[in-house]
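Q: The structure's right below; bear with me while I get my questions together.
The values are calculated or read from the model by the stated rules, or taken from the named source; none is laboratory data. Keep in mind that this is a model prediction, so the values were computed, not measured. Neighbour counts run over all protein chains shown; Cβ positions are idealised from the backbone, glycine included.
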Amino acid sequence: MRLLLIEDEVSIANFLKEGLEEEFFAVDVAHNGPDGLEKALSNDYDLLLIDWMIPGFSGIEVMRRFRKSGGLTPVIMLTARDATQDAVFGLESGANDYIKKPFEFEELLARIRVQLRSVTEESSCLTCGPMEMNLGAHQFFYHGGEIELTPKEFALMEFLMRNKGQVCTRSRIIEKVWDIHFDADTSVIDVYINSLRKKLNATRENPIIRTVRGVGYLVKEE
């Protein structure tokens with residue numbers, strides 16, 4: 001899952017980015033309204049975290065322009081404003097949720113997960129042929145046996161299984177699974193794909209993760 005955080009206080013932004021990355025999210029950061037809006041409109045994010053009071057123009061204005069452009073991505077507003085009318089104004093302006101500063105990281109994480117669940121309408125498990133993932137317990141099973149994956153291997157397999165039956169391009173994988181822009185070297189993907197194949201004892205004759213030459217990778221039910 002890839003998030004955009006628009007927050008002008010560097011210490012808060014760094015704290016939230018580090019915490020969210022430990023929870024296996026890829027996080028981009030912007031420190032002002034114009035930069036945040038440009039990122040929101042130029043990239044495919046699963047959720048936006050926007051501080052209300054940021055330089056350039058406000059978080060509310062970022063959200064308004066994003067919604068006006070047709071953006072449907074969930075938005076959680078971060079705000080020091082505590083008046084009820086401010087909360088109502090933010091929600092009516094297009095926010096899906098808001099959280100008042102200061103807040104506990106665990107509460108923010110819970111609100112993020114609620115928004116992501118409401119969008120994907122998914123259960124805590126993913127399946128694809130003989131593969132199964134328990135997202136809540138962070139477990140991966142193949143033919144009923146559990147296989148231990150590193151956090152990044154798990155995130156990569158999760159992305160492939162969420163998009164089963166579709167070719168996942170290398171640029172989309174690097175953006176969604178790694179916090180790297182699409183024009184970066186994507187050879188790191190090959191290292192992790194090879195590691196997953198070895199753990200699954202996959203062969204060329206029986207590929208679990210299929211290579212679509214020159215494009216990306218694919219997992220299918222059969």
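Q: Please list, ordered by first then second residue, the pairs with beta carbon atoms under 8 Å, 6 or more apart or interchain, first in segment 19-45 and part of a strand (DSSP E or B), second surrounded by 15 or more Cβ atoms within 10 Å (Cβ to Cβ) and basic (Lys, Arg).
A: So the pair list comes out as Ala26/Arg2; Ala26/Lys176; Val27/Arg2; Val27/Lys17; Asp28/Arg2; Asp28/Lys39; Val29/Lys17; Ala30/Lys39.
One line per residue, one yes/no per condition, for (1) over 20 Å from Arg2 (Cβ atoms); (2) surrounded by 17 or more Cβ atoms within 10 Å (Cβ to Cβ); (3) at pLDDT below 85:
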position: Pro151; (1), (2), (3): no, no, yes
position: Met157; (1), (2), (3): no, yes, no
position: Leu160; (1), (2), (3): no, yes, no
position: Arg197; (1), (2), (3): yes, no, no
position: Glu222; (1), (2), (3): yes, no, yes
